[in-house]
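Please treat every number below as a calculation from the coordinates, not as lab data. Small disclaimer: the values here were computed from a predicted structure and weren't measured. No Cβ is skipped: glycine too gets one built from the backbone with ideal geometry, and neighbour counts run over all protein chains shown.
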Amino acid sequence: MSSSFMPVSASTLDTPLWFVVPAAGSGQRMGGELAKQYQVLDGVTMLERTIRKLLSVPCVAGVVCVIAKDDPHWEALKLEENSRVHVTVGGDSRAESVLAGIECVLAHAPSDTWTMVHDAARPLVALDDIRRLVNAVYNSGAIGGLLATPVHDTLKKSDDYATVVHTLERRDLWQAQTPQLFRGGQLHYALNAAMKTNPEAITDEASAMEFDGHQPLLVEALQPNFKITRPVDWQLASALLVTERLTGEPVVS
């Protein structure tokens, strides 16, 4: 299976970029009455912190935030006062929300526009790592790519009772992160095709591209970029941000 979009020549670093930030989930694992993206992380909501970080990336033409229907908290952030910030309503799954975000991008930009999908729950992503991802994809001529980290811990396969079945070979295994960078039209096609045929296979944007026959580039993230899903993640992120604020030294750059 392959899309009707053909690869095009490598872009230059002055090519406009768009971001899609899916933020329609409830974040129930974090606990509390608010969805985690609206909880305050060192004085700023996580969603606002993430979007402002992405707006600081050079050559960003726009950021599309995908929110839940009847979201009561988005307007209070006043992020749309920035003309580069757009909002649209997502679906029940991440893939549906990402599709909605890409459709918003394609309403403002050509189908070959480079588009990054980034988790709202990764507010610590480093600008240096984003630059490295963009440079690696642009200079390699790859279909696209994603930030990731090689697996260093021993991996165990368990049964339904949390008993070890066997140890997995960790060589060549990576933990996928975001941003994930692809042409907007190509990613839209791949997501649509995968959702119609095998929606359970879509665990991230790269997996949809893989399903469409492509091989995205893995680019190692060298600075903290963990996803905040549990209270302990929140505590660690808060500690890093407080240290940065008190010392004046960036934890991530």
* To do: Place a +1 charge on the Cβ of each Lys and Arg in the chain and a -1 charge on the Cβ of each Asp and Glu, then give the dipole magnitude about the Cα centre in debye, rounded to the nearest 20.
  => 280
* Asked: Of LYS53/LYS78; LYS36/LYS196; LYS36/LYS157; LYS53/LYS227; LYS36/LYS69, which pairs sit farther than 21 Å apart, going by alpha carbon to alpha carbon?
  -> LYS36/LYS196; LYS36/LYS157
* **region 17-244, relative contact order [Cα under 8 Å, separation at least 6], %** => 23
* Asked: Quick one: longest stretch of the chain between exposed loop GluC sites (Glu not before Pro), exposed meaning at most 15 other C-beta atoms within 10 Å and loop per DSSP?
  -> 34-168
* For region 122-195, which chymotrypsin sites (Phe, Trp or Tyr not before Pro) are in a loop by DSSP, counting at most 10 other Cβ atoms within 10 Å? -> TYR161
* For region 160-206 and region 95-123, compute the distance between their C-alpha centroids and round to whole Å. => 17
* Student exercise, region 59-191 dipole from Lys, Arg, Asp, Glu Cβ charges, in Debye to nearest 20 -> 440
* region 164-207 residues near the modelled ASP92 label - backbone nitrogen below 18 Å, point 7 Å along Cα→Cβ -> 192, 194-203
* **Two-site label geometry, SER238 and THR149: point separation in nm, points 7 Å out along Cα→Cβ** => 2.1
* Asked: Using the Karplus equation 6.51 cos²θ - 1.76 cosθ + 1.60 (θ = phi - 60°), what ³J(HN,Hα) coupling, rounded to whole Hz, does each residue of region 190-202 give in order, writing x for Gly and Pro?
  -> 5, 4, 4, 5, 5, 5, 6, 9, 8, x, 5, 7, 8
* **trypsin sites (Lys or Arg not before Pro) within region 156-227, DSSP loop, no more than 14 other Cβ atoms inside 10 Å** => ARG170, ARG171
* Is it possible to state the helix-based mean residue ellipticity at 222 nm for the chain, with each DSSP H run of 4+ residues giving -39500 (n - 2.57), the sum divided by total residues, to the nearest 500 deg cm²/dmol? What is it? -> -9500 deg cm²/dmol
* According to a simple spin-label model (label point 7 Å from Cα along Cα-to-Cβ), what is the distance in nm between ASN198 and GLU210? -> 1.0
